[in-house]
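Here is the structure we will look at.
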Amino acid sequence: MGDGDVDLKTYFARFQTLCPGVPVHIETISGASREFPYLERDFWKAWPEMPARPFAQFVALAERGKPRESWSPPSGQERTSAEQRYQRAELERSLTYCRNVLGLGRRPA
C-alpha cells in the first residue's frame, strides 16, 4: 500500500464519507511485475466488449507509473524463507502505511 499510482488518501477520504463504518480489506501484491501486452490481438479475447474510454483511462494511469523490478532472493539465501521474510516485511509496511498515513484501522475505545 502506498507505492502504487492511485491517490489512496483521496480515495479513502471519499470511501469514509460514502461508507462510514465499513471495513477495508487489503490484498498486497508485491515482488512481481506484470506485462500487459494490449497491442497484441490475443490479449483482447478476455475483454471483447471493452469500451475505449475506460481503457484510455487505464493507459493514462499506467503511463504515470514507473517500471518495477521483480523480487528475487538475495544471493546465497534460500528462496522460500527469503520470500517469506520479504512478504512479511511488505505486509507490515503496508499496514503501517494504512494506519499512519490513511488513518485506517481499529481505534481504542
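When a 1.4 Å probe is rolled over the protein heavy atoms, the share of accessible surface on region 1-101 that falls to carbon and sulfur comes to 54 percent.
Semi-axis lengths, largest first, of the ellipsoid equivalent to the chain are 28, 26, 12 Å, with √(5λ) applied to each eigenvalue of the Cα gyration tensor. Relative contact order of the chain: 44 percent, from C-alpha pairs under 8 Å at least 6 residues apart in sequence. So what's the back-of-envelope 222 nm ellipticity for the chain, counting only DSSP H runs of four-plus at -39500 (n - 2.57) apiece and dividing by all residues, rounded to 500? When only DSSP H runs of four or more count, the value is -14000 deg cm²/dmol. Most tightly packed first, judged by the mean number of other beta-carbon atoms within 10 Å of their residues, the peptides 1-11, 20-30 read 1-11, 20-30.
The values are calculated or read from the model by the stated rules, or taken from the named source; none is laboratory data. These numbers come from a predicted model, not from an experiment. Here Cβ is always computed from backbone atoms with ideal geometry, including for glycine, and neighbour counts include all displayed protein chains. Surface areas here come from the heavy atoms of the whole protein model, side chains and all, with no ligands, DNA or RNA. Shrake-Rupley method; radii C 1.70, N 1.55, O 1.52, S 1.80 Å.
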